[in-house]
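Heads up: the structure comes next, in structure tokens.
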Amino acid sequence: MSRVEIESFIKSFLLFFISLTSITALRYYEMYENKIYLFEERLFSQMKISSFNNEPTNFIVTNVPKSSDKISNVFSFNKNQIFVLFEMKDLNNSLVKVSYPLNSFLQDRSIILEQVKNMFYQSILIMFIISILFSLYALHPLKKSLSLTNEFIKDILHDFNTPLSTVRLNARILKNKMDNKNVERIERSVDTIVNLQNNLRTYLESKIKESEVVYVEDIILQRVDYIKGIYPHIKFEVDIKDKRLFCYKDGLVRILDNILSNACKYNKENGEVMVSFNENYILEVTDTGVGIKKPRKIFKRFYKETSRGLGIGLHIVKKLSNEMNIGLCVKSQINIGTTFKLNLTKLIHS
């Protein structure tokens with residue numbers, strides 16, 4: 001299952017299971033209360049019968065003197081027993097006290113509770129299985145839709161390859177024959193489309209590939225040079241300490257490309273992008289751009305604050321960061337700029 005399918009399955013399961021469990025718990029609580037009521041009614045009837053005869057029973061029958069503080073025909077308790085006082089016509093100054101050991105009374109109630117709990121647990125198990133089956137059934141249309149969408153994207157990516165390769169090849173030929181800025185624009189546009197292709201491929205991937213040793217300085221300088229070619233009007237400042245990491249290289253490249261691309265895309269005219277990597281393995285990308293209105297939402301799939309883009313770039317950054325154990329945070333101020341911080345300490349190559 002993909003992450004979206006797992007999330008949908010868990011939410012459907014929890015909603016259905018918790019709803020059923022809550023209703024069932026109330027039903028079994030009512031059942032327990034009803035069983036206790038019937039038990040006490042039956043006990044009272046047995047005690048009343050015992051007050052009329054002297055046959056051996058589980059009850060202790062004695063006579064006690066009448067008094068104003070003694071109430072008849074109701075259950076009463078003391079430390080060792082539960083009892084009921086009954087009035088008799090032939091006893092004017094005394095009451096018949098029928099007692100039952102308190103421990104036996106509590107044990108009888110606990111047996112009832114255990115019976116109800118066992119039935120409740122059995123019902124919970126059945127509801128658990130039903131909830132799983134229901135969630136899988138509810139997930140089927142979503143799974144089918146996602147599968148069709150993914151296949152559609154894969155077909156588009158495949159169809160992009162041939163015309164893009166042709167455009168890139170012919171642009172290089174033209175560039176060698178003439179010095180034309182329009183050719184450079186064509187090349188930058190092709191690079192932008194290729195970047196979009198890579199994002200879509202990453203979006204479709206369910207698992208990251210094998211890790212390898214990478215040099216941070218090499219990767220950052222390569223990606224900055226690549227982004228410079230697409231956004232020549234942006235000024236870059238790079239301050240990095242070369243370190244070795246052990247990670248999924250293409251994933252780190254995707255993260256950098258998306259953050260750097262956004263830092264340029266939403267920057268001010270002739271703006272700046274500062275890239276730094278210090279000895280504490282903290283990578284910072286700061287821009288002088290328009291800022292982000294709702295930083296907490298930017299990593300959600302398809303969220304965007306302008307009409308530009310697809311809204312999956314930063315979602316991919318978050319997805320890869322989680323999978324690669326990279327700490328990620330963002331700070332932004334409107335019309336001042338945005339800073340992305342990547343904590344790469346868990347990728348240190350020893």
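The values are calculated or read from the model by the stated rules, or taken from the named source; none is laboratory data. Predicted model, so just to flag it, every value in this text is computed and none were measured. Neighbour counts run over all protein chains shown; Cβ positions are idealised from the backbone, glycine included. Keep in mind that these areas ignore ligands, DNA and RNA; they rest on the heavy atoms of the full protein, side chains included. Shrake-Rupley method; radii C 1.70, N 1.55, O 1.52, S 1.80 Å.
Quick look at the values:
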{"quantity": "Hits in region 215-253 - residues which are in contact with a Gly (Cβ under 9 Å, 6 or more places away or on another chain) and more than 13 Å from M274 (Cα to Cα)", "calculated": "H233"}
{"quantity": "Subset of region 288-303 (residues that are of a type outside the set (F, W, Y), under 23 Å from I193 (Cβ atoms) and open to solvent by 20 Å² or more (accessible area, probe 1.4 Å))", "calculated": "R301"}
{"quantity": "Subset of region 267-297 [of a type outside the set (S, T, Y), within 15 Å of L344 (Cα to Cα), out of contact with any Phe, Trp or Tyr (no Cβ under 8 Å at 6 or more places or on another chain) and modelled with pLDDT of 90 or more]", "calculated": "F277, I282"}
{"quantity": "Cross-chain or 6+ apart pairs with Cβ under 7 Å, region 85-107 first and over 16 Å from S45 (Cα atoms), then open to solvent by 100 Å² or more (accessible area, probe 1.4 Å) and among the aromatic types (F, W, Y)", "calculated": "L102/F77"}
{"quantity": "Filter result (in contact (Cβ under 8 Å) with a residue 60 or more places away in the chain and either small (G, A, S) or open to solvent by less than 40 Å² (accessible area, probe 1.4 Å) (or both)) within region 322-336", "calculated": "M324, I326"}
{"quantity": "Filter result (touching a helix residue (DSSP H, G or I) at 6+ places or on another chain (Cβ under 8 Å) and open to solvent by 30 Å² or more (accessible area, probe 1.4 Å)) within region 118-137", "calculated": "M119, F120, I124, F128, I130, I132, F134, L136"}
{"quantity": "Selection within region 118-140 - in contact (Cβ under 8 Å) with a residue 24 or more places away in the chain and not polar (S, T, N, Q)", "calculated": "M119, F120, I124, M127, F128, I130, I132, F134, L136, A138, L139"}
{"quantity": "Region 306-321, residues that are modelled with pLDDT of 90 or more and open to solvent by 30 Å² or more (accessible area, probe 1.4 Å)", "calculated": "K318"}
{"quantity": "Strands (runs of 3 or more DSSP E) contained entirely in region 18-112, each with at least 1 residues that are of a type in the set (A, V, I, L, M) and either out of contact with any Cys (no Cβ under 8 Å at 6 or more places or on another chain) or buried (at least 16 other Cβ atoms within 10 Å of the Cβ) (or both)", "calculated": "60-65, 81-86, 94-101"}
{"quantity": "Condition met for Y281 (without any contact (Cβ under 8 Å) to a residue 60 or more places away in the chain and among the aromatic types (F, W, Y))", "calculated": "no"}
{"quantity": "Among the candidates F86, F105, F120, residue that is in contact with a Phe, Trp or Tyr (Cβ under 7 Å, 6 or more places away or on another chain), aromatic (F, W, Y) and at pLDDT 85 or above", "calculated": "F120"}
{"quantity": "Filter pass, T306 being more than 18 Å from C329 (Cα to Cα), of a type outside the set (K, R) and under 31 Å from the mean Cα position of the chain (by Cα)", "calculated": "yes"}
{"quantity": "Region 263-275, subset in contact with a strand residue (DSSP E or B) (Cβ under 8 Å, 6 or more places away or on another chain) and open to solvent by 10 Å² or more (accessible area, probe 1.4 Å), residue nearest to E305 (Cα to Cα)", "calculated": "Y266"}
{"quantity": "Residue in region 229-248 that is least open to solvent (accessible area, probe 1.4 Å), counting only those that are closer than 16 Å to L344 by Cα and outside any strand (DSSP E or B)", "calculated": "Y248"}
{"quantity": "Per-region count, region 15-34, residues aliphatic (A, V, I, L, M), without any contact (Cβ under 8 Å) to a residue 24 or more places away in the chain and farther than 19 Å from E114 by Cα", "calculated": "3"}
